[in-house]
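One structure is given here, and the rest of the page talks about it.
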Amino acid sequence: MSRHFLSRRDHSNTPMLSSPAIARVTATPVRVTRRGASASASRVGVTRRIDARVVVADSGKRSILRAAPTTAVLGSRRAVRGASIVPTAVVEPPASSTSTSTDSNPDDFDWHANWYPVAFEADLDDAAPYTFTLLGEPLVFWKDHTAAADTNPYRCTADKCPHRLVPLSEGRVNEKGEIECGYHGWTFKGDTGACTNIPQLPAEGTAMDTALASPRSCVTPYHTQVAQGILWVYPVSKMACGDDIDALPALPLIPELEHPDCVCQDIHRDLPMDYGTLLENVMDVSHVPFTHHNSVGKRENATPVVLEMVGDGLKPGGFEGIWREGEFILI
């Protein structure tokens, strides 16, 4: 999944490398396992999901490149019913602590405590669930058509019904804007994860109320946001991080996207490579004049790249540096 922005003034004869460029690239290792196969007999492969944005604005000869593992899209997406019967991608999540363990290092990078882009909003079906596996957790997203005006209508919960662990994404969005399991018809609210109906229980008596009040009948809800045409998710349950979305980290947005001279092209790609290889490639700007000759680079423009570290050097969130031909920022 990538997004490219070009200044309208750059469409003619102005070389792209003479303009500031901003990119965010993320990828994550995932393991593909054929369903129904034993662990020893399963066929395991590697695939990668990439989310990149490139912004070019016509304002000088500085170049900015941002690569953000905190916005890495690690996983697979599926928006077609019945797709679960074919091999699916399952993420091997990085080690991460979402608890408040007393022996945890506050400087350690927490892969979960960040916002992740999962889809371009234009690609989503307003009437159908959308599934995405992120950091090892299958998630289901849907649009709640009953949401109040001027509020975020997108909901996200774990993509498994607590009844029989069937993917909720195989169900439907009902008339109340809730996700309905396609197996036994259990329904769930997206903002709280609460179960609202169990058709197998009688409406009379206390059985229904008792079952709906049990935490075991709920699904895990997650925060979502929509910004710059992208659906984002914060992969820490609301029970752990709270309901106040303003208390969470800010979205890693690109300010240049709001520039009136920018136009946008959205692309989704799955590349068979390790995410470490991808990030190394993004940071290696010296390959651009050769690998991308006559597209975004020119061989004759190749020069030594001397990166000068700035600030406090390497931090849990990355580092920042500057070179003579432009500015390189790794967040």
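Bear in mind that the values in this text are calculations on the coordinates, not laboratory data. From a predicted model like this one, the values you see are computed outputs, not experimental measurements. Positions of Cβ are generated from backbone atoms using ideal geometry, with glycine treated the same way; all protein chains shown enter the neighbour counts.
Results, tabulated for the structure shown:
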{"item": "Ordering of 210-219, 193-202 by burial proxy (mean other Cβ atoms within 10 Å per residue, highest first)", "result": "193-202, 210-219"}
{"item": "Summed side-chain charge close to residue 290 - residues other than residue 290 whose Cβ falls under 14 Å, Lys, Arg +1, Asp, Glu -1", "result": "0"}
{"item": "Semi-axis lengths, Å, the range 191-331, gyration tensor of Cα atoms, sqrt of 5 times eigenvalues", "result": "48, 18, 15"}
{"item": "Prolate/oblate/rounded call for the range 119-234, Cα gyration tensor, a/c under 1.5 rounded", "result": "prolate"}
{"item": "Per-peptide average of other Cβ atoms within 10 Å, ordering 233-244, 248-259, 150-161 highest first", "result": "150-161, 233-244, 248-259"}
{"item": "Neighbour net charge for residue 240 - beta-carbon separation under 14 angstrom, K R +1, D E -1", "result": "-3"}
{"item": "The range 245-308, relative contact order [Cα under 8 Å, separation at least 6], %", "result": "17"}
